[in-house]
Structure formats: C-alpha cells, structure tokens
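Derivation of every value follows stated rules applied to the coordinates shown; laboratory data play no part. Computed from a predicted model, the values in this text were never measured in an experiment. With ideal geometry, Cβ positions are generated from the backbone for all residues, glycine too; neighbour counts draw on all protein chains shown.
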Amino acid sequence: MSGILAGKRILVTGVLTEQSIAFQTAKVAQNEGAEVVLTGFGRLSLVERIARRLPKPAPVIELDVTNKEQLEGLGDKVREHVDGLEGVVHSIAFGPQGAFNFLEAEWEDVATAVEVSAYSLKSLTTACLPLMPRGGSVVGLTFDAQYAWPKYDWMGVAKAALESTSRYLARDLGARNVRCNLVSAGPVKSMAAKSIPGFEELADVWNNRAPIGWDLADPEPPGRGVVALLSDFFPKTTGEVVHVDGGVHMMGA
Ligand code: NAP
C-alpha cells in the first residue's frame, strides 16, 4: 500500500462520531496506508459502530485517559492488534459545564478540564512509549490558547496547559526520537463543540475572518494536518503548533 503513512501503525484516540476530528484523522491515515487502532471512552458500542464507517475495519480498545489501570494495560491491549506503534493521536478534551464560566468556576471543574484535556497528553504518551522503541510521532489537537476567546474560559486555560505539555514532552522525548506536535484547529461542530455553551458565538469569528474560508461542518482539514505531522514529512519538527484554521490566527483586528 502506498501513501505517506505506508507501513505505519497509528493509535487514534477520540473517535465518537463522523464529525470527530479523530474519525477524519483515522480515515485519512488509512487512505495514506496506515494500520489504525482506535481507543474509545465509555460508549464503546457507539465507537465500534462509527469505526465500521472507516475505509477499513479498525479494532477499538477501551481507554479512559484518567484511569491508571487502563493506561497501564494499554500496551498489552494494543499488542493484541499490532506489535508496535509509529504514531499516537491525542484527540481528547472535556470540560464540565462549570468550567465555561470563568469567574464562577470551582477548582474541581477546572481540575477535571486540565486533567482530561492537558495532563492526559503526558499520560497517553508515556503509556505508549514502550510501543515506540525506535521513536515515533505524537500529535494532539488544540484550540489556539494565545487568546481569551468568548465562552471558552477554563478550557482555554486547559489548552494553554496542553500546548505547554506538548513542548515539555518534545524536550524530554527528543532523545528517544519521539516528536510531539499539535494541530491548532478552527472550530468544528463535533460533540465536544456542541457541549460548549455559546459555541456559535465563538465560532462566528471564523465566518468573517478566515482569509481562505472555513467550514464548521468539515473536520477533515484538521485531520489531514494531523496525518501530515504523523508522516515522515516533518522529520525535524517537534514542540510545534501547526495552525489548521483557515488563517484566522494571523489576522489583525
Ligand atoms: P469529539 O468528537 O467530541 O471528541 C472528543 C473525544 O474526547 C470524545 O471521543 C470524548 O469521548 C473523548 N474523551 C472525553 N473524556 C475522555 C476521557 N476521560 N478519556 C478518553 N477520552 C475522552 O470532539 P472533537 O471536536 O473531535 O475533539 C477532539 C479534539 O480536538 C479535542 O482535543 C478538542 O478540544 C480539539 N479541538 C476541537 C475543536 C472543535 O471546534 N471541535 C477545535 C479545536 C480543537 P466522550 O464524548 O464519549 O466523552
């Protein structure tokens, strides 16, 4: 099989619906020659049903990224399907409703958002390290944490933590030939996005300011960006954030 991921085995977290950035990543990765293993959280039968819509069947492993036992057992579960990995995709975020009210939020809600959305990049990556003895590429998804967006509130703080976590992983894993990068995606109408109160207001910025346009209903562009970073075409790029946002990040007022 040819393609920019030919011969690569990739673990993809975060598939929930066809609108998931992770689903599009898995689809493009398979079309580019990768062997894909998925993880699902909670609603496994739903994830398995969605997985059947991929170009090729992909096994689904249960993983709650905050569950120590599941993280410890992840390597063995992955080895039931492939005997190593060249890439890992972190496409996971969650913030309780309370985290979307900046001044009123309680620490418990903030802590959950940071644990699930940022610390988990470290947990997932270290759980997968034994599967990548010759190195590999870890790619996560952020929403540009340079700015104080409408409504995003403590999820924005969690994304700032994710971006920093990615840089520290890049620093500490470079010697093992493991790269760690993020795609900073524009807004997409996924399940995670629908649970953000006021998502429409946040997303409206993209209707007016994306110089090459942006389609809120199309999660494929960020998925293609993730696949590019998984490939050998970014061999010396690590600790980087690549914007796949229609160009909004560089527009002035
Ligand atoms: P999505 O389809 O809802 O995917 C989010 C995934 O995270 C879901 O599969 C969710 O599972 C999973 N998850 C939540 N808690 C978890 C846990 N404890 N352990 C394991 N998995 C867990 O939404 P998405 O938009 O594609 O989001 C993927 C990534 O892209 C996230 O990091 C998100 O912040 C980022 N991103 C999204 C946008 C956007 O506008 N959509 C923009 C920029 C960046 P459950 O739903 O079953 O809990």
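Quick notes on this structure:
- Applying 1/(1 + (r/R0)^6) with r as the Cβ-Cβ distance of A148 and L103 and R0 = 22 angstrom yields a FRET efficiency of 0.95.
- Over all distinct Cα-Cα pairs of the chain, the Kirkwood formula returns a hydrodynamic radius of 18.1 Å.
- Between the alpha-carbon centres of segment 182-253 and segment 82-137 there is a gap of 18 Å.
- Full extension of the chain segment joining L129 with S164 gains 10.7 nm, where the gain is 0.36 nm per residue of separation less the Cα-Cα distance.
- Taking label points 7 Å from Cα along the Cα-to-Cβ direction, D76 and R53 give a separation of 3.4 nm.
- Two-decimal log10 I(q)/I(0) for segment 186-253, as the Debye equation yields it once each C-alpha is a single scatterer, q = 0.20, 0.22, 0.26 Å⁻¹: -0.90, -1.00, -1.16
- Neighbour-limited loop hits for GluC sites (Glu not before Pro), segment 57-89 (at most 15 other Cβ within 10 Å; DSSP other than H, G, I, E, B): E80
- Extending 7 Å from Cα along the Cβ direction at S2 and again at D215 yields two label points whose distance is 2.6 nm.
- The chain: angle of helix 153-173 to the longest principal axis, Cα-based, in degrees nearest 10: 30 degrees
- Amide H within-cut-off set for I61, under 5 Å, with H built and near neighbours excluded: L38, T39, G40
- Likely footprinting exposure, E240, E104, fewest C-beta neighbours within 10 Å first: E104, E240
- Dividing the mean sequence gap of close Cα pairs (under 8 Å, 6+ apart) by how many residues the chain holds gives a relative contact order of 20 percent.
- Annotation note: chymotrypsin sites (Phe, Trp or Tyr not before Pro) in segment 167-237 located in DSSP loop regions with a Cβ neighbour count of at most 12 within 10 Å are F233.
- Sequence-distant residues sharing a close amide H with G140 (under 5 Å, placed H): H90, N181, L182, V183
- Database remark: amide H of H243 closer than 5 angstrom to the amide H of S184 (H placed geometrically; neighbours at sequence offset of 5 or more, or on other chains; Pro and chain starts carry no H).
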